[in-house]
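What follows is one structure encoded as structure tokens, with my remarks underneath.
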């Protein structure tokens, strides 16, 4: 018996979808990229022709209602993620939703409830979560290697200053589709470094520390920072340090000095040997994992809807704090 292909539709075929999501999906012979949705008939026609996609529309609801899809990739502008993901879920379609999952806490909670009620798959493509070193880091913490967590400190920096300033970034000069400046720079549309980049760091941090329900009532503290000001000839800088009662974990993903170390007070240390470039960000595995989940394969989802919601809650509180000038609480789970 020949297995039928997984039918996927893409809502929001902008720069990142065209550079990554669509080519990755097309690389799997067990996937049928059934349809694509985006505004602008000229751009839509070009994308359909380039990737040999038969169905194209500017109306996402029409595609969701009419194509009998197994999965939808939501890669639209940030402020539309909730609307588009909800439409697919309500139709009974599993969703891979780009970060940020939503901009508002109440919308994130609604998607969590909808996914659970419908029994569907929902994945946010946090690429680092699907790398072996991240699973290793999580396993070390889960096993109690550093004891109870007392303090977290992490920072992320990249070469994205132009992108978040509304200019055409240097790394898209040859891209088939250019990023829409307002998507990344207009705060009213979910632009800015928090929703655009810090969400990656939070998605990784919360997953490896299993901190989805952490309230820090035990006195633990955390410091999280980010910057887009890294010189262009360099790459991402990711530095995560988790301090516990029995030791500390260090995860450094800067190219050329990648390392994962557990240093314990009893000197029973653990060091993972990492190769140069191993920490480079890639977003192939999340899309493959999404397809595997739809097919019912026994694989794990390392960036589920609950994780996406927790990231939204933290970012929501951070933005509220920036406006109010006061500490803002994050709802307990």
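Of note:
- Take every Cα pair under 8 Å whose residues are at least 6 apart in sequence, average their separation, divide by the length of the chain, and the relative contact order is 19 percent.
- Computed extension length for residue 255-residue 5: 86.2 nm, one decimal, from 0.36 nm per residue of separation with the Cα-Cα distance subtracted.
- Cα centroid separation, the stretch 1-47 to the stretch 277-312 (Å): 18 Å
- Principal-axis tilt of helix 81-90 within the chain, Cα atoms, nearest 10 degrees: 70 degrees
- For the chain, the longest principal axis of the alpha carbon atoms and the long axis of helix 305-324 meet at an angle near 70°.
- With respect to the chain, whose longest principal axis is taken over its alpha-carbon atoms, helix 105-118 is tilted by about 70°.
- Mean Cβ neighbour count within 10 Å, used as a protection proxy, ranking 321-331, 68-78 highest first: 68-78, 321-331
- Relative protection proxy for 29-39, 124-134, 49-59, from highest mean packing down: 124-134, 29-39, 49-59 (other beta-carbon atoms within 10 angstrom).
- Calculated mean residue ellipticity, 222 nm, the chain: -9500 deg cm²/dmol, from DSSP H runs (n ≥ 4) at -39500 (n - 2.57) each, averaged per residue and rounded to 500.
- Rough spin-label spacing in nm, given labels placed 7 Å along Cα→Cβ, for residue 295 and residue 61: 3.5 nm
- Counted residue by residue at 0.36 nm each, then reduced by the alpha carbon distance between them, the extension gain from residue 142 to residue 168 reaches 5.2 nm.
- A Gaussian network model of the chain, with springs between Cα atoms under 10 Å, assigns the largest mean-square fluctuation among 318, 85, 108 to 318.
- Scattering curve values for the stretch 1-138, log₁₀ I(q)/I(0), Debye with Cα scatterers, q = 0.13, 0.22 Å⁻¹: -0.56, -1.40
- Kirkwood hydrodynamic radius computed over the chain comes to 20.7 Å, based on all pairs of distinct alpha carbons.
No value in this document is a laboratory result; all are computed from the given coordinates. As the structure is a prediction and not an experimental result, all values here were calculated from the model. Note: ideal-geometry Cβ built from the backbone for every residue, glycine included; neighbour counts use all protein chains shown.
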